[in-house]
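The values are calculated or read from the model by the stated rules, or taken from the named source; none is laboratory data. None of the values given here were measured: they were computed from a predicted structure. All Cβ positions, even for glycine, are placed from backbone atoms using ideal geometry, and neighbour counts span all protein chains on display.
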Amino acid sequence: MSIICPARFHAFMRSSALRVHGDSMEPLLKDKDIVMLDQSVNTTIHSMPMAFQLEDELYVKMCQASGDGKLEMVSINRSYPPIHVDREKPPSDFAILGAVVWHAHSWV
């Protein structure tokens with residue numbers, strides 16, 4: 001058996017997978033889902049979830065630019081408040097890890 005991989009997938013040479021923990025991105029991403037990151041994306045894309053590191057924690061959130069020069073990392077589940085990061089002077093432990101380009105639901 002062989003698997004044919006479309007050429008567009010070869011662009012994701014810098015990819016990694018993460019397991020989602022929590023319900024902050026429900027209904028899009030559920031607890032224990034797996035997401036694939038395109039690590040070549042190091043700037044925010046406002047139409048897709050992005051992965052971030054801040055204060056030794058990893059987050060997957062939607063990104064929005066606010067009018068005051070801050071980046072808002074927003075959960076789809078509105079029970080969680082946005083996380084604000086100054087775009088001009090981000091914390092030293094802040095990093096954009098990549099864009100979520102694929103996800104799979106875990107049944108276990």
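For segment 55-93, name all the residues that are surrounded by fewer than 16 Cβ atoms within 10 Å (Cβ to Cβ), more than 16 Å from D23 (Cα to Cα) and not charged (D, E, K, R). Q64, A65, S66, G67, G69, H84, P90, P91, S92, listed by residue number.
Here's the yes/no breakdown for (1) at pLDDT 90 or above; (2) under 24 Å from E88 (Cα atoms); (3) within 10 Å of the chain's Cα centre (by Cα):
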residue: D23; (1), (2), (3): yes, no, no
residue: K32; (1), (2), (3): yes, no, no
residue: S40; (1), (2), (3): no, yes, no
residue: Y59; (1), (2), (3): yes, yes, yes
residue: M62; (1), (2), (3): yes, yes, yes
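All of (1) under 13 Å from the mean Cα position of the chain (by Cα); (2) modelled with pLDDT under 90; (3) in a loop (DSSP other than H, G, I, E, B) hold for I76 with one exception: (2).
If a residue has to be in a loop (DSSP other than H, G, I, E, B) and either on the phi > 0 side of the Ramachandran plot or buried (at least 18 other Cβ atoms within 10 Å of the Cβ) (or both) to count, how many in segment 13-43 make the cut?
8
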